[in-house]
Amino acid sequence: MADSPDIPGAAAPVPDAPAAPRVFGPGDVLCRVDDLEDPGSKGPFNVVLDGEETEIFLVRKSGAPRAYINVCPHRYLPLNWKDDAFLTFDKGRILCVVHAAVFEIEDGACVTTHCFEGLTPVAVAVENGDIRLVGTVGRPVES
C-alpha cells in the first residue's frame with residue numbers, strides 16, 4: 001500500500017472514474033448546425049425517447065439536419081464504428097459498417113438489397129443555429 005501524503009500507511013487516492021455520457025431529453029440542444037458538416041454526420045448522442053434511453057445520430061446534406069436512431073434495421077447493431085462516422089466514403093449516403101447496407105440521408109430509406117426497412121427518424125428542430133431534440137420518433141425534421 002502506498003502512503004497517502006496526508007495519512008501515513010493509507011492507500012493512494014483513486015483517480016476519478018470517467019464521467020457517464022450525457023443523456024439528452026426533449027428540448028435539449030444536441031449541437032450547433034455549424035458543428036455538423038454539409039454533408040456530414042455527428043454522434044452518437046444518448047437520448048431519452050418515449051421514456052427509454054437510446055442512441056441517435058445526426059446527418060446533414062443540402063442544409064437540412066436530420067436525426068435517426070443508431071440501429072441497423074437488419075442486424076440491430078449500431079451503424080457506426082467510431083464517433084461521427086455514419087456516412088459512405090463519398091458522404092452521399094448513410095452506411096452500416098456491419099453489413100454494408102446503404103441508406104438515403106434525406107429519408108433513411110434503404111437502397112441496397114441487404115435490408116427491407118429504412119432507418120427510424122427522430123424529430124429535431126433548428127432554432128437560432130442550434131439543433132434541438134424534439135423527442136418524437138418517426139417524425140421529420142422541423143425547421
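Do you know which residues across region 63-82 are farther than 19 Å from His99 by Cβ and either touching a Phe, Trp or Tyr at 6+ places or on another chain (Cβ under 8 Å) or buried (at least 20 other Cβ atoms within 10 Å of the Cβ) (or both)?
Hits for region 63-82 are Pro65, Arg66, Ala67.
Taking region 106-143, which residues are outside any strand (DSSP E or B) and modelled with pLDDT of 90 or more?
Matches in region 106-143: Glu106, Asp107, Gly108, Ala109, Val111, Gly118, Leu119, Thr120, Asn128, Gly129.
For residues in region 22-62 being part of a loop (DSSP other than H, G, I, E, B) and either among the aliphatic types (A, V, I, L, M) or modelled with pLDDT of 95 or more (or both), which is surrounded by the most Cβ atoms within 10 Å (Cβ to Cβ)?
Per the stated criteria, the residue is Leu36.
Yes/no per residue for (1) without any contact (Cβ under 8 Å) to a residue 60 or more places away in the chain; (2) closer than 14 Å to Ala125 by Cα:
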site: Arg22; (1), (2): yes, no
site: Val29; (1), (2): no, yes
site: Asp35; (1), (2): yes, no
site: Pro44; (1), (2): yes, no
site: Val48; (1), (2): no, no
site: Glu53; (1), (2): yes, no
site: Ile56; (1), (2): no, no
site: Val59; (1), (2): yes, yes
site: Tyr68; (1), (2): yes, yes
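Of all residues in region 86-105, which are at pLDDT 95 or above, assigned to a loop (DSSP other than H, G, I, E, B) and surrounded by 14 or more Cβ atoms within 10 Å (Cβ to Cβ)?
Phe86, Thr88, Lys91, Arg93, Glu104, Ile105
The values are calculated or read from the model by the stated rules, or taken from the named source; none is laboratory data. All values derive from a computational prediction rather than experimental measurement. Virtual Cβ from ideal backbone geometry, glycine too; neighbours counted across all protein chains shown.
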